[in-house]
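Following: one structure in structure tokens, then a few remarks.
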Amino acid sequence: MYLVVVIVYLLFLTGVGLYKSRIVKTEADFMVAGRKLGAPILVGTLLATWIGSGSIIAGAGLAYREGFAALWFDAGVWIAIIIIYFVAGRARRLEQMTVPDVLELRYNQWARILGTIVTIIAYTVIASYQFRAGGLVLNVVTGLDEDTGILLTAIFVILFTAIAGLVSVAFTDIFNGTLMLSAIFIAYPFLIDRAGGWSGVRARLQEHFGAMVADQRLSLMGRFTWDEALSYALPTMLLMLGLANMYQRFFSARDERAAKQAVIGWISGTVVIESMIVVLAVIGSALFPELASQEKTEQVLLYTAREGLPLVIGCILLAAAVAIIVSTADSFLLVPATNVIRDLYQRFINPDVSQRRIVLYSRLAVVGLGVVAYGLVYASETVLEAALQAYTIYGVGITPALLACFFWKRATSAGAIGSIGMGAAVTLFWEYIVKKTTWLGLAHLPWIWGDKPWREVATIYPALFASLLCLFILSWLTAPPPEAKWRPFFQRA
């Protein structure tokens, strides 16, 4: 029954995608849905784009292990969306299609190239762990071998994304967002009743893990120190502030008003859904302690849907999980494909390429990057590890320079290029040299403060420091940009 429901829903999404594919004729249709999306559809697609395996798998697994302290993983996002409200309308007014479009408009072509490279790297990694999450879901739902499930997920996502671009993604996302919101609220009363209320949750946690662990999991800080809590909050906040999918949705809005209205609905839905995912995972940790010994904590939401809920409710929650993972995967696959064709091929190789060929090449780019993403599925041990690495390289590489477009008139091309390049470089250096090798003994040197060795320091701190330092110092050391560069970003409606 679980498998039938999941397949039927995916077939429904495919039907919507095929129907919408008929209207894709131009670059704008494929990349920004013809700039015709109203606020309700934007809210649905923004929700479904952000709530993916980072929430359902990585966030839920963190909540299983750490309890309500996992909300720090989401808190940065909530702050970011509030800031985004003041950017949405101005971003729509620029009439661009990609974040690298914006970077070149404000800085120069080198900022565009570096921004494109960083986006392709980060987004391909994010798409890869969505494939992995899809395999986990199919494994839990059907008992299908996880590797086979990953392959099937990858094939479906690649083909679905290539069909009609953002048009199909946006219109199916409104169903996905609604289904997910409904599923978690329907599931909650059944699970909390089975656990015996919150007093029962505490009692079960004490029985299985001890009183100290129970107290930690039911507190907002848990075992985290402040720097550990911020090491989860900052990468998600920085990713959200510069999220290319989000700006692509703003560019696809009918007008500035629709873009700003969508942000209000988006923050409300995101806070509710992410909080409820943590709540369900905490209840699941009390009901299913065996997942800890089996090292399957990231499957808690999926396992709870199958083993802890009535059949019909479990089917709805699992279908919602599959739909949201697929939705996020196609969004994170569409963006780098757009970057490859628009920001590299069309901009620097063949500016006169026809609209028909742009659509064709964009579809081929989706397939190519999808294959690469599939090859990266097991590059990280867990979904959480892959998520934090991708969030960090994008957040410190793109976000400071992008936000400076809208909030700092003095930012220069040199500052932006230095920020993008240094942020990405320090992230890669810290992740693959400092943390994973003994090269020059760097991993064992004491950190600037405290007694932690370098290898135990979250990458976000040195990478963000390097990115911001380059942005500010190089901007002040070079001549101010001409007014024509920054004026379009500061005009009021």
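Some points to look at:
- Relative contact order (percent, whole number), region 2-383, Cα cutoff 8 Å, 6+ residue spacing: 40 percent
- Qualifying GluC sites (Glu not before Pro) in region 262-349, where qualification requires a DSSP coil assignment and no more than 10 other C-beta atoms within 10 Å, comprise E295.
- Per-residue Cβ neighbour rank within 10 angstrom, fewest leading, L46, L18, L234: L18, L234, L46
- Within the chain: Cβ-based charge dipole about Cα centre, in debye rounded to nearest 20 (Lys, Arg +1; Asp, Glu -1): 1660 debye
- If a spin label sat at a point 7 angstrom from the Cα of E483 along the line to its beta carbon, the backbone N atoms of region 403-436 nearer than 15 Å would be those of 409-410.
- Shape parameters for region 296-370, alpha-carbon atoms, Rg then Dmax in Å: 19.2, 57
- Count, lysine Cα pairs under 24 Å in the chain, 8 or more residues apart or across chains: 8
- At least 15 Å along the helix axis (C-alpha) and Kyte average at least -0.5, DSSP helices within the chain: 2-20, 39-50, 71-93, 109-142, 146-195, 226-242, 256-287, 311-338, 355-375, 383-397, 413-429, 460-477
- The rule of thumb for compact globular proteins, 2.2 N^0.38 Å, goes into the C-alpha radius of gyration of the chain 0.95 times.
- Based on C-alpha pairs under 8 angstrom that are at least 6 apart in sequence, region 1-153 has a relative contact order of 17 percent.
- Potential lengthening between V4 and S199 on full extension [0.36 nm per residue; Cα-Cα distance subtracted]: 66.6 nm
- When exposed loop sites are taken as trypsin sites (Lys or Arg not before Pro) in a DSSP loop with at most 11 other Cβ atoms within 10 Å, the longest stretch of the chain clear of them is 1-435.
- Overall Cα dimensions of region 108-189, principal axis frame, Å, largest first: 53, 29, 26
- Cβ-based charge dipole, the chain, positive-most Cα from Q261, Q294, L144: Q261
- Order of W486, W50 - criterion: other Cβ atoms within 10 Å of each residue's Cβ, fewest first: W486, W50
Rule-based calculations on the coordinates, nothing more; no lab input. This is a predicted model, so every value here is computed, not measured. Because the Cβ atoms are built from the backbone with ideal geometry, glycine has one as well, and the counts that use them run over all protein chains shown.
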